[in-house]
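These notes are about the structure you will find just below.
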Amino acid sequence: MQSSAIRAQFIQFFQQKGHQHQIAAPIVNKEDPSLLFVNAGMNPFKDIILGYQPIQTARVVSAQPCLRVSGKHNDLEVVGVDGYHHTLFEMLGNWSFGDYFKEAAIQWAWELLTEVYQLPKERLYVTTFAGDPEDNLPEDKETAAIWRNYLPPTHILPFAKKDNFWEMGTQGPCGPCSEIHIDIRPEATRQSIAAAQLVNQENPQVLEVWNLVFMQYNRKNSGKLVELPHKHIDTGMGLERLAMVLQGKMATYDTDIFTPLIQAIEKISGKAYADSTATAAAMRVIADHLRAVAFAIADGALPAATKVGYVVRRILRRAIRYGYSYLAIEEPFIYQLVAPLVAQMGDAYPNLRVQQTTIEEIIQTEEKAFLKTLAAGLQRLHYLNPQGTLAGKVAFELYDSYGFPLDLTKLIAKEKNLILDEAGFEVALQAQQARSQQDAAVTYGDWHQLQPGVTTRFVGYDQLTATTSIVQWRSLTDKRGKRYQLVLAVTPFYPAGGGQVADKGSIHCGTESIAVLDVQKEHGLLIHTVDRLPDPIEGTLAACVDEPSRKETAANHTATHLLQAALRALLGKQLSQKGSLVTASALRFDFTHVAKLTAAQIEAIEAMVNAKIRANIPCLEQRDLPLETAKARGAQALFGEKYAAEVRVITFDEKFSMELCGGTHVKTTGEIGFFKIIRETAIGSGIRRIEALTARNAAEFVNQELTKLVTLSTLLRQPKDIVKVVERLLHEKKQLEKQCQAYETHIIQQVTQQLSVEVEQVGDAYLLIQTVILPHLDALRQVAFQFKARYKKIFIVLATELSHKAQLLILRSEALAATCNAHLLMQSIAPLIEGKGGGQPFVATAGGSNPAAIPVALQMARQLFLDASLAT
Ligand code: SER
């Protein structure tokens, strides 16, 4: 059975049991600071499980790509080593939110596995939670009893917390779980040892396929468990493993999910998957990592130096190194695997297909960049040839200068049987980061509930002030000190999101006014940060958004929409948004486009946006439009954004600009006044950035530029055509430089000629010790080197006075190496001209502030040389 059919059957089975199919969420987490990537199918439902959001649909089914590369669930290092671990995998899951519990979850899991997928019952084993004294949790006897309806007791095995208590991270939703394992060993081996003994023993042929979690608790920051408001079911089954079992394979990499990728790698590398263990492992790693990187890029996470982007970079560079070291591929090639991936997954994940070219370009550029330093870095490691330990500072140098992520260096160290001094690396890294350390630890106090059960109402689209009260509050402490965070019953404050910054403003309580420093959306809560609490804390407050900055921000946000529409109209519809930043003072828009924009293109874009501004188009705001209707009407959506079933759509002339957007906008485009692009740059492969201003800021910018022009014109005596005048000046400058050069060459020749008669012979050596007039130290050097070329054994000291400073140069032939060290000699005479100097044994220079002492210095140099000659 093909993997696409396996996925479809899973979804269909649960749909028949009353579950609603939920489209996969983007794998990049935006609203959860505790987790960079979705690492389990339940992540998108975390707020519902924790009770932050009301339960709207009690039964849900989904296929969710998950990435396990950091934090509590991290499989990065085992990928490729065995045949069934992955960074990115698809999790098939069914959920009950406060609806059915253990009995139905187990019954349906059994029905699906044994009747639909027809797995042999006698090969299935299940585990249950054995209880935990530390958390004071009892053994889950209930689950074991339910399983006895389906399996003999020898197939039901209790395990401790490590295996049978599932937690999303160090904090968050958790609960006891029951895993279903399968024994896929060939019949002959099965007789030798009972499968029950191999469960949870990392045996590749007795492995977990499905995890049923009974979500009952929330683990707090402090480590304490608190009961959740409702009991939920969260299940997760890896599609890749299930496909392996159903397709009768011994490795996930041999299923139809991976074979097209492995075959493509075989073709590119000219090596066969079966060639050697190392070749096979490298191909598995590359195929796995390519999937992770492609999904991440499709969801908007591009390789970069920080945060989510750095994780993507680490994974991709790891794959590049495997290709380079084990498959001998020294050219970019991973990008070529995007096509077979899209062929395999594009139907289930259309985002991949739509963005294929962008993904290819981004991967190829990163490959090119890293291949440039990879060879040098590997060589550095090779020549270093360390024994036993790889020093932390070397790992840091590789990281800092060659772009080797630490885990890559660690992997290479392991291959060379070296122990990496990770602590040393950390010390070096921290020393470098000390200046820019902003991520100081933040600690939060517990929430104090003043109005339990009250949810926030956001009224900021319609009004800028609201009468409100505090629902809950907590403290926040970081290196800037202690502040407070408030959730209000009603709020007009727009929280940072969708590229737009948070509203500024204040909260009034009696005569007291408290500034709102920040507003963030976290787990569906709107959190206002303030530096003190109102007194009294319970009671009515007035929340007021600062109107001028809201208006400027709105002008910039609308301008961003007009800019996107103009770009698509002028450069083509394939162009898509890759990010944006909208503040009160400026806007920034990142988009996919291969080439730098020409001046004419920028002018045309500005002209189109400004025409739309002058047309004074009204803003059409539609709230609660079904997502599918909005998309069908052609509304622009952002790749990698998680949209609700009902969305807000902002339109400025239906034929021009229609976008899914939660931001704040002007009422009519005329309010923007004026739009001006101030910069256009590349920020990555195939990604360009436009920075622009609107309204007052745009006018000020243009005025400042004009003022500069007026100043220039005045300096140039107000010519008619200032551009021509500057061109002429530059041309003249070039001519003068050429003349100067010719003149200098002439002087150097002349001085050389004059000096020829000053060379004296002492024994078998020649001496040239003279003061000359030359324009710079380099000219002195050129003259000296001409004499060095003429005589086999010459000692030269030249001096000149330049801008009231003395300059000295000593140069000697190789044949005088035993007699004179120019560097040491210069150190002895430089103090005479009140200067410092030195160089190498054969040439040295010095500069000093006392030119009057030049004759003495020359005399001394002569004497020291002669004394040394006598001595040798
Ligand atoms: N959350 C559980 C897991 O990741 C079940 O979906 O295994």
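Annotations for the structure displayed:
- Where only DSSP H runs of four or more residues are counted, the chain gives -12000 deg cm²/dmol as its mean residue ellipticity at 222 nm, each run worth -39500 (n - 2.57).
- A probe of 1.4 angstrom, applied to the heavy atoms of all protein chains, finds K612 with accessible area near 50 square angstrom.
- Summing charges over all other residues whose Cβ lies under 13 Å from the Cβ of A489, with Lys and Arg as +1 and Asp and Glu as -1, gives 0.
- Centre separation in Å (Cα based) which lies between the range 94-133 and the range 816-864: 89
- Ordered from highest to lowest accessible area with the whole protein assembly present and a 1.4 Å probe, M860, M244 read as M860, M244.
- The accessible surface of the range 478-523, taken with every protein chain in place and a 1.4 Å probe, is 49 percent carbon and sulfur.
- Karplus-derived 3J(HN,Hα) values for the range 451-462, using 6.51 cos²θ - 1.76 cosθ + 1.60 with θ = phi - 60°, are 9, x, x, 7, 9, 6, 10, 8, 10, x, 6, 10 Hz; glycine and proline are entered as x.
- The Kirkwood radius of the range 557-704, taken over pairs of alpha-carbon atoms, gives through the Stokes-Einstein law at 10 °C and 1.306 mPa s a diffusion coefficient of 102 µm² s⁻¹.
- Of interest is the spacing of the C-alpha centroids, which for the range 477-502 and the range 351-429 amounts to 38 Å.
- Here the range 716-788 exposes an accessible surface that is 53 percent carbon and sulfur, computed with a 1.4 Å probe and the other protein chains kept in place.
- The listed residues H382, H593, H561, once ranked by accessible area (1.4 Å probe) with the largest placed first, stand as H382, H593, H561.
- Spacing of the two label points (7 Å from each Cα toward its C-beta) at T629 and L866, in nm: 10.6
- Pair E758, K368: separation of 7 Å Cα→Cβ label points (nm): 5.5
- The chain: DSSP helices with Cα axial extent of at least 24 Å and average Kyte-Doolittle hydropathy no lower than 0.0: 277-298, 695-715, 854-871
- For the range 92-170, the set of GluC sites (Glu not before Pro) satisfying both a DSSP loop assignment and a count of at most 12 other C-beta atoms within 10 Å is given as E134.
- Centre-to-centre separation between the Cα atoms of the range 201-215 and those of the range 651-720: 57 Å.
- The order of T365, T800, T357 by accessible area, most exposed first and with a 1.4 Å probe, is T357, T365, T800.
- At an R0 of 51 angstrom, the distance between the Cβ atoms of A339 and N203 translates into a FRET efficiency of 0.90.
- Solvent-accessible area, 1.4 Å probe, carbon plus sulfur percent, for the range 1-134: 45
- Summed over the residues of the range 558-636 and divided among them, the accessible surface reaches 45 Å² per residue at a probe radius of 1.4 Å.
- For the range 577-628, the C-alpha radius of gyration sits at 1.52 times the compact-globule guess of 2.2 N^0.38 Å, with N the residue count.
- The range 713-872, accessible area per residue, ligands and nucleic acids excluded (1.4 Å, Å²): 59
- Within straight-line reach of K734, meaning a Cα separation under 17 Å, sit the following lysines at least 8 residues removed in sequence or on another chain: K724.
- Measuring max minus min along each principal axis, the C-alpha atoms of the chain give extents of 114, 77, 54 Å (largest first).
- Subtracting the Cα-Cα distance of Q840 and I537 from their residue separation scaled by 0.36 nm leaves 101.6 nm.
- Taking GluC sites (Glu not before Pro) across the range 223-274, none is in a DSSP loop with at most 10 further Cβ atoms lying within 10 angstrom of its Cβ.
- Nitroxide proxy distance, nm - points 7 Å out along Cα→Cβ at K141 and Q449: 3.2
- Gyration tensor verdict on the range 38-116 (Cα atoms; rounded if a/c is under 1.5, prolate if a/b is larger than b/c, oblate otherwise): oblate
- Taking the square roots of 5 times each eigenvalue of the Cα gyration tensor of the range 119-263, largest first, gives ellipsoid semi-axes of 30, 20, 12 Å.
- Using the 1.4 Å probe convention, the accessible area of the range 472-557 works out to 41 Å² per residue with neighbouring protein chains retained.
- Considering the range 192-258, its Cα convex hull presents a mean projected area of 7.2 nm².
- Segments 830-838, 253-261 sorted - mean Cβ within 10 Å per residue, highest first: 253-261, 830-838
- Sorted peptide list for 491-504, 447-460, criterion being average Cβ within 10 angstrom, highest first: 491-504, 447-460
- Using only the C-alpha atoms, the convex hull of the range 776-872 corresponds to 76 Å³ per residue.
- In this view, the solvent-accessible surface of V116, computed with a 1.4 Å probe and all protein chains in place, comes to about 50 Å².
The values are calculated or read from the model by the stated rules, or taken from the named source; none is laboratory data. This structure is a prediction, so every number in the text was calculated from the model and none was measured. Don't worry about glycine lacking a Cβ; one is built from the backbone with ideal geometry, like all the others, and counts go over all protein chains shown. Heads up: the accessible areas ignore ligands, DNA and RNA and are worked out on the full protein's heavy atoms, side chains in. Shrake-Rupley method; radii C 1.70, N 1.55, O 1.52, S 1.80 Å.
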